[in-house]
Each structure stands twice: as C-alpha cells, then as structure tokens.
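Read-outs throughout are calculated quantities, based only on the coordinates presented, and are distinct from any laboratory measurement. Keep in mind it's a predicted model, so treat the numbers as computed, not measured. Neighbour counts run over all protein chains shown; Cβ positions are idealised from the backbone, glycine included.
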Amino acid sequence: MARYTGAVCRLCRREGMKLFLKGDRCYTGKCAVDRRIYAPGQHGQSRKKISEYGIQLREKQKARRIYGVLERQFRRYYDIATRMKGVTGTNLLTLLESRLDNVIYRLGFGRSRPEARQFVRHGHFAVNGRKVSIPSFRVRPGDEISVREGSRNLPLFQEIAQLAATRTVPDWLESNPAELKARVIRWPERSEIDVPVQEHLIVELYSK
C-alpha cells in the first residue's frame with residue numbers, strides 16, 4: 001500500500017501546527033513548525049484566501065495526517081461512522097482513536113503514532129494474548145493489550161516502560177507500564193479526544 005515517505009515535518013508546516021509526528025523532537029527547539037511557521041514550498045509564504053471547500057479539505061487532511069491514514073481507508077471510516085448511532089463526526093474520531101497503533105501511542109508505549117505503527121507491524125504487541133501485526137486493528141472495550149513476551153526484555157521496551165510511567169493516560173484506558181500491559185475500559189468520549197480537528201467540517205466535505 002502506498003504511504004507518504006517524505007519529511008513529516010513538511011506535513012506539520014502545511015497544516016500550520018504541530019501534529020506530533022516525530023515524538024520527542026516535536027517538544028524541542030528543533031521542531032520545524034517553531035522555526036518556520038509558513039507552509040513549505042516555493043509559494044509557502046504567500047497569502048491566499050482559502051475557500052470554504054479549502055478549509056474543509058485542510059481539516060480532513062489534518063485528521064488523516066495525525067492518524068496516518070490514507071484517503072481510501074479514511075473514507076471507509078467515514079462510511080462506517082455514518083451507519084453508526086450518534087453524531088457522525090464523533091463516531092469518526094472514535095473509530096480512529098480505537099486503532100491499535102493509536103491506542104499504543106495513547107498508552108505511552110510508542111513515542112509517536114508512526115513509531116507505534118512500526119512496533120505493531122513488527123509484531124511486538126498482542127491483543128487478548130494473540131499476536132496482532134495490523135496497525136488498523138480495532139480494539140474494543142474489555143480488550144487487553146500487552147507487549148509480547150519475547151519483546152519485553154529488549155532495551156527499547158525497558159526504556160519505553162519508564163517513559164510510559166510518566167505519561168498521562170486517557171480515562172478510557174487503563175495502563176500498567178511496569179508489566180507493559182493495558183486494558184481498554186470503554187469507548188472514548190469526544191471531550192477525551194484531544195486532536196485539534198473540527199470533525200463537522202469533514203462531515204460537510206464528504207456530504208457534498
């Protein structure tokens with residue numbers, strides 16, 4: 001499957017805000033958004049009036065880039081969200097939050113979503129005791145997530161266990177950093193999803 005492999009800092013600059021795609025680097029003075037606030041490219045510093053469609057498109061692109069989802073998959077999430085009970089925009093964000101790679105990032109077992117996605121692909125995690133190597137795997141309330149036995153003694157995960165102990169975990173998750181285990185308590189509420197996305201604009205875009 002095709003995936004963006006360029007400089008991720010360009011994505012943050014294009015959206016005009018930090019998307020936290022490079023983990024710890026985003027919190028330092030090396031962050032590209034702090035050094036160059038304008039968009040990348042030859043015309044990045046020029047001022048353009050953005051249309052209503054352009055505003056909606058940027059919101060959708062921002063959400064896609066935060067969660068690392070391609071357009072076809074993102075549209076599939078939207079279609080599922082429209083068939084669920086409740087508010088479509090909130091349903092969409094709930095589906096994105098319940099991805100395994102995102103949950104691992106939320107637990108602090110990955111310093112960024114791209115890193116968490118890589119850990120999953122390499123088979124370091126298990127859900128309910130079974131190995132899962134699909135980042136888009138959807139976790140559900142009651143699921144138990146753990147670092148597999150063969151990976152727990154790796155120096156990398158020993159370091160991550162220490163970092164995870166300092167992270168604030170959302171209330172819909174329960175974490176045990178010492179044992180590199182966690183549990184999904186319930187679905188997240190909209191107030192607990194801290195992504196800077198106006199989901200109603202995405203719904204308006206796809207509703208046209």
Query raised in the report: Between ASP79 and ARG167, what length in nm is gained on full extension when 0.36 nm per residue of separation is reduced by their alpha carbon distance?
Result: 28.4 nm
Report summary line: Note: ARG72 to ASN176 extended length (0.36 nm per residue) minus current alpha-carbon separation gives 34.0 nm
Query raised in the report: How big is the charge dipole of segment 99-184 about its Cα centre, in debye rounded to the nearest 20, if each Lys and Arg gets +1 on its Cβ and each Asp and Glu gets -1 on its Cβ?
Result: 320
Query raised in the report: How far apart, in nm, are two points set 7 Å out from the Cα along the Cα-to-Cβ line at ARG186 and at GLU144?
Result: 2.2
Report summary line: Around GLU204 (Cβ within 12 Å, Cβ-to-Cβ, excluding GLU204; K/R +1, D/E -1) the net charge comes to -1
Report summary line: Too long for a 25 Å Cα-Cα cut-off, among LYS49/LYS208; LYS60/LYS208; LYS131/LYS181; LYS62/LYS181; LYS85/LYS208, are LYS62/LYS181
**Report entry** Neighbourhood charge, 13 Å Cβ-Cβ cut-off, centred on TRP172 and excluding it, Lys, Arg +1 and Asp, Glu -1
**Finding:** -2
Query raised in the report: Ranking ASP143, ASP101, ASP194, ASP79 by Cβ neighbours within 10 Å, fewest first, what do you get?
Result: ASP194, ASP79, ASP143, ASP101
